[in-house]
Amino acid sequence: MQTNVWPTMKWNDYQMQWDPTEFDGIRTIRVPPDKVWLPDIVLFNNADGNYLVSFYSNVVVEHTGDMLWVPPAVYKSSCLIDVEFFPFDGNSQILPPTSSTIPLMAKYLLMTFVMNMITIMVSVIIINVYFRGPATHIMPAWVKTIFLKFLPVVFVMRRPESTEKELERMKREKRERRSMRSALKTFFRKNETRVGTSNEEKLSCDAKKAIEAIEYITTHLTHDNVFKRQREEWKFVSVVIDRLLLYLFFGVTTGGTMGILLSAPNVFEHVNQTSVIERLKQQAAEDMLNS
């Protein structure tokens, strides 16, 4: 900030006293500033490194030793500027190199950066849940209650048609295998009563082997279907988590953006900068006259 000032410096120097009656009634004199002592008063927050005044005017010396020095000077000083709500209007302004507050744009960019970091972390978690299976993870009961029963109803979500059809097909095949097993047991039991004693042991042995093979195939298919069903449940849980975090991200982003923008007092109104400057000039002039 460049300022034109006339600093008024007053002090008393006992070595500059005299009796006016001894010097033809001279009560006041003006001397060059290099001939008397000057106070070491400088601008502390000087910006250009020049601490000297622009013009060395004469010093007014009273016979009582009172000294008066009013040198004109042009100072360039640094000052703290509150740029939190910068720019203040639609004019073209230069942003200062430093500030004592964080501007709104920096706050918004910081919030966006943090949200992006959280989004990346959440994406990794969702992918991890999506590829889980019964071989590595067992789904707890509370996860099934929250993510398979409660949240899908809240978010109006349904399982994919392929998953529902797969579950219906698995139930139907399970009923068919159970009926087939029961029919085979009944069939072999009837054959054992019809054949003679010579072929009874042979037929009974073949029947047992056939039943064991059927039971093995049935057990294997059942485990395979259970594995697929649990895999589909983990995938659906990841979809529910993704939907939940989508709503949270949208709410936090909207709320944070509105909160940052509405924190500025003049965001929806135009500021007449000319009138503000004139008011400040008038106030500064009144303060100078009063001092």
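Residues in the range 3-15 that are touching a Ser or Thr at 6+ places or on another chain (Cβ under 9 Å) and over 30 Å from residue 281 (Cβ atoms): 1 in all. A count restricted to the range 218-259 and to residues that are loosely packed, with under 11 Cβ neighbours inside 10 Å and closer than 26 Å to residue 172 by Cα stands at 1.
If you go through the range 61-107 and pick out every residue that is part of a loop (DSSP other than H, G, I, E, B), aliphatic (A, V, I, L, M) and at pLDDT 80 or above, you end up with 1.
The values are calculated or read from the model by the stated rules, or taken from the named source; none is laboratory data. Only a predicted model underlies this, so the values are computations on that prediction, with no experimental measurement involved. Here the Cβ is made from the backbone with ideal geometry for all residues, glycine too, and neighbour counts use every protein chain on show.
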